[in-house]
Amino acid sequence: MNTSPEFQTYLPLTEVTYFILLSLAPGPRHGYAIMKDVRALSNERVVLSTGTLYGALKRLLEQGWILRSRDSLPNHNGRERKAYQLTDLGRQILEAELERLDSLVSAAQLRVAGDAS
């Protein structure tokens, strides 16, 4: 994980950004698959509208955190869908956020365990 101050300037991530990057961590996905995955990953707390998703994807593309995959994914009609994937920068920012969240949970667990004794 990367604790570099360079990546810390992007944190904390919004929930929408966090779940989109997390959804893309295993590999490229098209927009509808990202929407479904974010919903599942968040236990249905984060339900993206099409406008929210594509606005976020546009911003992440502009920031260089994701890119359009060279591999297009066919849909059920045989038409190609745009797929997105993490860039190295996007992966490093996601890893920095995961480290930040882990440190928050660790501190809370220590506090709760200390209060229980």
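The values are calculated or read from the model by the stated rules, or taken from the named source; none is laboratory data. Please read these numbers as outputs of a predicted model, since none were measured by experiment. Here Cβ is always computed from backbone atoms with ideal geometry, including for glycine, and neighbour counts include all displayed protein chains.
Observations on the structure shown:
- Flag if S42 is surrounded by 16 or more Cβ atoms within 10 Å (Cβ to Cβ), at pLDDT 95 or above, in contact with a helix residue (DSSP H, G or I) (Cβ under 7 Å, 6 or more places away or on another chain) and closer than 20 Å to L67 by Cβ: no
- Scanning segment 104-117 for residues that are within 21 Å of the chain's Cα centre (by Cα) and modelled with pLDDT under 95 returns no hits.
- Qualifying positions in segment 45-97 - modelled with pLDDT under 95, assigned to a loop (DSSP other than H, G, I, E, B), within 18 Å of A25 (Cα to Cα) and touching a strand residue (DSSP E or B) at 6+ places or on another chain (Cβ under 7 Å): S69, D71, S72, K82
- Selection from segment 4-19 of residues that are touching a helix residue (DSSP H, G or I) at 6+ places or on another chain (Cβ under 6 Å) and either closer than 21 Å to K82 by Cβ or assigned to a loop (DSSP other than H, G, I, E, B) (or both): Y10, L11, L13, V16, F19
- If you filter segment 45-68 down to residues that are closer than 13 Å to L86 by Cα and touching a Gly at 6+ places or on another chain (Cβ under 9 Å), you find that the one that is surrounded by the fewest Cβ atoms within 10 Å (Cβ to Cβ) is G64.
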